[in-house]
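First the structure, in the form of structure tokens, and then the observations on it.
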Amino acid sequence: MGSMTGRAGVVTGAASGIGRATAIRAAQEGARVLVADLESARVGGEETVKIIRDAGGEADFQACDVSRAADHEALVAGVLDRFGSLDFAHNNAGIPGGGRLLADVEDEDFDRVIAVNLRGVFLGMKHQIRQMLRGGGGSIVNTASNAGLRGVKRLGPYTAAKHGLVGLTKNAAVEYAEDHIRVNAVAPGTIMTGFARGATPERLAQIMKPQAMQRIGEAEEVAAAVVWLLSDDASFVTGVTLPVDAGSVAGW
Ligand code: NAD
């Protein structure tokens, strides 16, 4: 028996990186997983599904854009159609945003980052919680960032979105605790995914500077924390944002 045996749920942004690693880890622990990502990321999403199925797990892909409410409704329906219940959700899809000091940020860039990284998580939780209330409970984990717990130069819109996500996580946790719904977040440091691969060596060194451990993390190291929070092993934990960041917010 794995820690997620009998559970069904959705992981957004699961065509790559942290989302893929979480979908695989949850499936290894016995979960049935709806792998969700943009239509443009279908190839990666189907690859995640194949990895899970080849290992004997159950998974399927559904395209979504997390900034659209209708897509979240469809994801909840998709999990119910395929697996019969919605027991967990990992709201993980996100986009980088930044590179500029606040006074130089274009208004449209700010709106775009907020639409995906904050509004996308709001919409996800809204529709997931509606179903979890009907189903008698569940567990949600949102992907924040260490930029959700402190300022990071040249990441203003991203930092704002991730701080908002941390606040929403706390609010959902206190609002639905008595309904047997736990809501937590993880706050990764620098992780070797598409995010980090796109950065120049100079930028990576700058981002890693606050970390106590001077190495880039692996997506699997975040997935382990996410699946622990999703599972009953964390049954007394709700409303926390767990840094998975090599000591980045601990101080430097
Ligand atoms: P990634 O680029 O590998 O994964 C992000 C995924 O989200 C992609 O598959 C992408 O297609 C998907 N996505 C983007 N916009 C979407 C949308 N509108 N609807 C649905 N899917 C969408 O990068 P990752 O590092 O795995 O990122 C996952 C999460 O981790 C993000 O929320 C990111 O902010 C967060 N994070 C990453 C790091 C890091 O260093 N990699 C650090 C802190 C936080």
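Overview of values
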| quantity | calculated |
| --- | --- |
| Within segment 21-103, strands (runs of 3 or more DSSP E) holding 3 or more residues that are open to solvent by less than 10 Å² (accessible area, probe 1.4 Å) and closer than 17 Å to residue 121 by Cα | 32-37, 88-91 |
| Subset of segment 228-252 [among the aliphatic types (A, V, I, L, M), crowded, with 20+ Cβ neighbours inside 10 Å and in a loop (DSSP other than H, G, I, E, B)] | 246 |
| Meets criteria (surrounded by fewer than 24 Cβ atoms within 10 Å (Cβ to Cβ), free of Cβ contacts under 8 Å to residues at least 60 places away in the same chain and either within 13 Å of the chain's Cα centre (by Cα) or on the phi > 0 side of the Ramachandran plot (or both)) for residue 122 | yes |
| Leading residue by the ranking (surrounded by the most Cβ atoms within 10 Å (Cβ to Cβ)) among those in segment 1-20 that are modelled with pLDDT of 95 or more and among the aliphatic types (A, V, I, L, M) | 11 |
| Total residues in segment 151-165, condition open to solvent by 10 Å² or more (accessible area, probe 1.4 Å), assigned to a helix (DSSP H, G or I) and within 13 Å of the ligand (Cβ to nearest atom) | 5 |
| Checklist (1) open to solvent by less than 80 Å² (accessible area, probe 1.4 Å); (2) farther than 26 Å from residue 97 by Cβ applied to residue 178, failing item | (1) |
| Number of positions in segment 120-141 that are closer than 20 Å to residue 227 by Cα and of a type in the set (Lys, Arg) | 0 |
| Residue that is nearest to residue 90 (Cα to Cα), among those in segment 24-40 that are within 11 Å of the ligand (Cβ to nearest atom) and out of contact with any Asp or Glu (no Cβ under 9 Å at 6 or more places or on another chain) | 37 |
| Selected residue (criterion: nearest to the ligand (Cβ to nearest atom)) from residues of segment 125-144 that are small (Gly, Ala, Ser) and out of contact with any Leu (no Cβ under 8 Å at 6 or more places or on another chain) | 137 |
| Members of segment 226-248 found to be in contact (Cβ under 8 Å) with a residue 60 or more places away in the chain and of a type in the set (Ser, Thr, Tyr), listed by number | 231, 238, 241, 248 |
| Qualifying residue in segment 192-207 (condition: surrounded by 14 or more Cβ atoms within 10 Å (Cβ to Cβ), within 14 Å of the chain's Cα centre (by Cα) and under 21 Å from residue 147 (Cβ atoms)) | yes |
| Yes/no for residue 183 being within 28 Å of residue 87 (Cβ to Cβ), part of a strand (DSSP E or B) and not aromatic (Phe, Trp, Tyr) | yes |
| Residues of segment 16-50 classified as in contact (Cβ under 8 Å) with a residue 40 or more places away in the chain and among the charged types (D, E, K, R), total | 5 |
| Count of segment 1-20 residues which are in a loop (DSSP other than H, G, I, E, B) and under 13 Å from the mean Cα position of the chain (by Cα) | 4 |
| Every residue from segment 83-119 that is out of contact with any Gly (no Cβ under 8 Å at 6 or more places or on another chain), of a type outside the set (A, V, I, L, M, F, W, C) and within 16 Å of the ligand (Cβ to nearest atom) | 97, 99, 108, 111, 119 |
| Within segment 209-227, considering residues that are more than 14 Å from the ligand (Cβ to nearest atom) and in contact with a strand residue (DSSP E or B) (Cβ under 9 Å, 6 or more places away or on another chain), the one most open to solvent (accessible area, probe 1.4 Å) | 224 |
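The values are calculated or read from the model by the stated rules, or taken from the named source; none is laboratory data. Being a predicted model, the structure only gives us computed values, none of them experimental. All Cβ positions, glycine included, derive from the backbone under ideal geometry; neighbour counts span all protein chains shown. Ligands, DNA and RNA are excluded from the accessible area calculation, which covers all protein heavy atoms including side chains. Shrake-Rupley method; radii C 1.70, N 1.55, O 1.52, S 1.80 Å.
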